[in-house]
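Beneath this line is the structure, given in structure tokens, with notes to follow.
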Amino acid sequence: MVRLDPKRDQTIRLFRTGTGLAADRETLFWFNLLEIPPKPTKSVNGDDNKLQLAFRTRIKMFYRPAGLTIPFEQATQHLTFSMKGNQLVIKNASPYYITFRKIELRASKEGLVLANLSKTNNKMVAPLGEISLSVAAKGLINNTTQVFYSIINDQGGEVLVIQKLTQ
């Protein structure tokens, strides 16, 4: 916790201590910052109406060890999508965290959107991990269903991928 006086700034430096991080996959850290303004002072003219805002910022930080087996650009080739009941199961066999921006199940390339999972909260899958997302349109999904998704790359850009749903 750091207190800052007015017109001052603070630099935060992060160091790797070399203890216990996985060498075969990325490790995720969260940097949480809460900015709270000082208590307002009474104004001279009696106008005590003030608007004060507090900001909470969360920043994802990844430690990526040197020598991972595949480049990040090939990580989507290691994703599989399958249905288990009314759940879309996403398995990530890559050593990278994959953050989805958009996930849709469609009847075909230009077809009807059967399920839009873009508004789900849990849209990041850990390396060598899996997540399950609820799908409302289970009855419409079959072996021709395609998954349209986009991931966020290292530069913050969006990469669109189309993949078949595996059975």
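The values are calculated or read from the model by the stated rules, or taken from the named source; none is laboratory data. Computed from a predicted structure; not experimentally measured. For neighbour counting, all protein chains shown are included, and Cβ atoms are generated from backbone atoms with ideal geometry for every residue, glycine included.
The set of residues in the range 35-61 being exposed (fewer than 10 other Cβ atoms within 10 Å of the Cβ) and either hydrophobic (A, V, I, L, M, F, W, C) or closer than 27 Å to LEU14 by Cβ (or both) consists of VAL44, LEU51, LEU53, ALA54, PHE55, ARG56, THR57, ARG58, ILE59.
Evaluate the following for ARG64: is it touching an Asp or Glu at 6+ places or on another chain (Cβ under 7 Å), surrounded by 13 or more Cβ atoms within 10 Å (Cβ to Cβ) and at pLDDT 90 or above? Considered against the rule, which asks whether it is touching an Asp or Glu at 6+ places or on another chain (Cβ under 7 Å), surrounded by 13 or more Cβ atoms within 10 Å (Cβ to Cβ) and at pLDDT 90 or above, ARG64 comes out as yes.
Of the numbered criteria (1) of a type outside the set (Gly, Ala, Ser); (2) modelled with pLDDT of 95 or more; (3) within 14 Å of the chain's Cα centre (by Cα), the one LYS102 fails is (2).
Of all residue pairs spaced 6 or more apart or on separate chains, those with beta-carbon atoms under 7 Å, a first member in the range 147-166 that is more than 21 Å from MET83 (Cα to Cα) and a second member that is part of a strand (DSSP E or B) and β-branched (Val, Ile, Thr) are ILE152/THR99; ASN153/VAL159; GLU158/ILE152; VAL159/ILE151. Evaluated against (1) on the phi > 0 side of the Ramachandran plot; (2) touching a Ser or Thr at 6+ places or on another chain (Cβ under 7 Å), GLY20 falls short on exactly one condition, (2).
Which strands (runs of 3 or more DSSP E) does the range 15-100 wholly contain that include 2 or more residues that are within 30 Å of ALA137 (Cα to Cα), free of Cβ contacts under 8 Å to residues at least 60 places away in the same chain and aliphatic (A, V, I, L, M)? Spell out how you get there, then give the answer.
On the way: elements: 27-35, 55-63, 79-84, 87-92.
Qualifying strands (runs of 3 or more DSSP E): 87-92.
In the range 128-144, the residues that are farther than 29 Å from PRO95 by Cα form Cβ pairs under 6 Å with partners that are in a loop (DSSP other than H, G, I, E, B), at six or more places apart or across chains, as follows: LYS138/ASN86.
Applying the selection to the range 121-149, what residues are within 15 Å of the chain's Cα centre (by Cα), buried (at least 18 other Cβ atoms within 10 Å of the Cβ) and either among the β-branched types (Val, Ile, Thr) or part of a strand (DSSP E or B) (or both)?
At the first step, the residues of the range 121-149 found to be within 15 Å of the chain's Cα centre (by Cα) are 121-127, 129-133, 149.
Keeping just the survivors that are buried (at least 18 other Cβ atoms within 10 Å of the Cβ) gives 123, 125, 127, 131, 133, 149.
Within the range 121-149, VAL125, ILE131, LEU133, TYR149 meet the criteria.
Output the residues belonging to the range 101-117 that are exposed (fewer than 15 other Cβ atoms within 10 Å of the Cβ) and either assigned to a loop (DSSP other than H, G, I, E, B) or on the phi > 0 side of the Ramachandran plot (or both). Within the range 101-117, SER108, LYS109, GLU110, GLY111, LEU112 meet the criteria.
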